[in-house]
Amino acid sequence: MDISSAHQDREEAERLSTAVGVLADFLSRQPLTQALASLEYRLEGADGMNVIRVAEDGHVVPELLASALTVRESLGRINDLIHACGILLVLPHILKDEERITVRPSLGAGNDPSRPYDLETDQRIAEFKLARWRGADAMRKRQTFKDLVMLAADTSGRQADLFVIGPEPRRFLTTSTSTAAWALDRAPGALRTFTTVFGTPSMSVAQFTATHAAQVQITDLRSLLPASVAALLQ
């Protein structure tokens with residue numbers, strides 16, 4: 001790295017640090033949901049001059065927006081970082097003696113065609129889902145079922161693991177009456193795999209989980225992550 005690049009990196013780091021500080025100061029005043037609700041309440045019936053006063057009283061200034069944009073731009077791939085950290089912290093607890101990683105892991109969220117699973121070893125294949133479900137989780141349901149299908153379709157004989165956060169993913173997979181066709185309607189590749197390996201996708205998610213995917217182990221990552229992290233995921 002040349003001097004100019006190093007200087008630029010330092011400037012970017014300082015800019016991000018400043019932006020994070022501005023956001024932290026704003027959020028320390030009151031929870032974001034409460035702050036937004038207060039602003040909404042005060043804006044009802046306001047004219048232009050009132051809006052200015054509401055924004056000033058709520059500490060909504062140009063620096064706050066600029067800081068939020070800076071943080072979003074710099075930390076746009078925070079989900080990839082969460083995914084990578086989760087896998088790395090869990091791996092020592094799940095790898096058996098003499099078990100070796102055989103394919104470069106997919107630490108970022110999502111897989112490329114050359115690496116169909118987050119983790120492949122000489123003894124297992126695994127997918128990691130580190131998102132907490134909060135109620136409106138249709139996309140997460142689809143993504144989790146897709147991963148389950150791809151794990152169940154593997155014919156290598158290796159152990160298949162699906163690691164999730166909380167009880168909701170397992171509950172969905174084991175009780176949902178939604179059809180496999182619905183769950184895979186945004187994943188044409190996985191749907192083709194399903195019809196080729198398992199037949200018609202008219203069966204329910206729960207039926208598939210209980211039969212074709214019965215060998216896939218579904219594990220709550222909170223039992224494997226450090227206590228300090230698991231406590232944040234309750």
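The values are calculated or read from the model by the stated rules, or taken from the named source; none is laboratory data. Owing to the predicted nature of the structure, the values given are computational and were not obtained by experimental measurement. Positions of Cβ are generated from backbone atoms using ideal geometry, with glycine treated the same way; all protein chains shown enter the neighbour counts. Keep in mind that these areas ignore ligands, DNA and RNA; they rest on the heavy atoms of the full protein, side chains included. Shrake-Rupley method; radii C 1.70, N 1.55, O 1.52, S 1.80 Å.
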Inset, instruction - Can you give me the ranges of the helices (runs of 4 or more DSSP H) entirely in the range 1-69 with at least 2 residues that are open to solvent by 90 Å² or more (accessible area, probe 1.4 Å) and among the hydroxyl-bearing types (S, T, Y)? - result: 32-43
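So which residues in the range 210-227 are assigned to a helix (DSSP H, G or I) and either surrounded by fewer than 16 Cβ atoms within 10 Å (Cβ to Cβ) or more than 21 Å from the chain's Cα centre (by Cα) (or both), if there are any at all?
A210, S223, A227
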Legend entry - Filtered residues of the range 58-99 (kept if acidic (D, E) and without any contact (Cβ under 8 Å) to a residue 12 or more places away in the chain): E73, D97, E98
Legend entry - Hey, I78 among the aliphatic types (A, V, I, L, M) and at pLDDT 95 or above or not: no
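Select from the range 132-143 the residues that are open to solvent by less than 50 Å² (accessible area, probe 1.4 Å) and not in a helix (DSSP H, G or I) and write down the one among them that is nearest to I218 (Cα to Cα). Talk me through it step by step, then tell me what you get.
Pass one, the range 132-143, residues open to solvent by less than 50 Å² (accessible area, probe 1.4 Å): 133, 137-138, 142.
The next check asks that each one be not in a helix (DSSP H, G or I); those that pass are 133, 137.
On the way: W133: 16, D137: 18 Å.
The selected residue is W133.
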Legend entry - Subset of the range 131-170 [within 16 Å of A214 (Cβ to Cβ) and of a type in the set (V, I, T)]: V149, T155
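Being surrounded by 15 or more Cβ atoms within 10 Å (Cβ to Cβ), free of Cβ contacts under 8 Å to residues at least 12 places away in the same chain, assigned to a helix (DSSP H, G or I) and among the small types (G, A, S) is the requirement here; does A230 meet it? If you could, list the steps in order and put the result at the bottom.
Numbers: surrounded by 15 or more Cβ atoms within 10 Å (Cβ to Cβ): yes; free of Cβ contacts under 8 Å to residues at least 12 places away in the same chain: yes; assigned to a helix (DSSP H, G or I): yes; among the small types (G, A, S): yes.
So A230 fits the description; yes.
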Legend entry - Filter result for E99 (in contact with a strand residue (DSSP E or B) (Cβ under 8 Å, 6 or more places away or on another chain), over 18 Å from R222 (Cα atoms) and not in a helix (DSSP H, G or I)): yes
Legend entry - Tally of residues being open to solvent by 30 Å² or more (accessible area, probe 1.4 Å), outside any loop (DSSP other than H, G, I, E, B) and not hydrophobic (A, V, I, L, M, F, W, C) across the range 191-209: 5
Inset, instruction - Taking A181 as meeting all but one of (1) closer than 18 Å to T219 by Cα; (2) touching a Leu at 6+ places or on another chain (Cβ under 9 Å); (3) open to solvent by 10 Å² or more (accessible area, probe 1.4 Å), write down the number of the exception. - result: (1)
Legend entry - Output for the range 144-177, where each listed residue is surrounded by fewer than 18 Cβ atoms within 10 Å (Cβ to Cβ) and among the small types (G, A, S): A153, S156, G157, G166
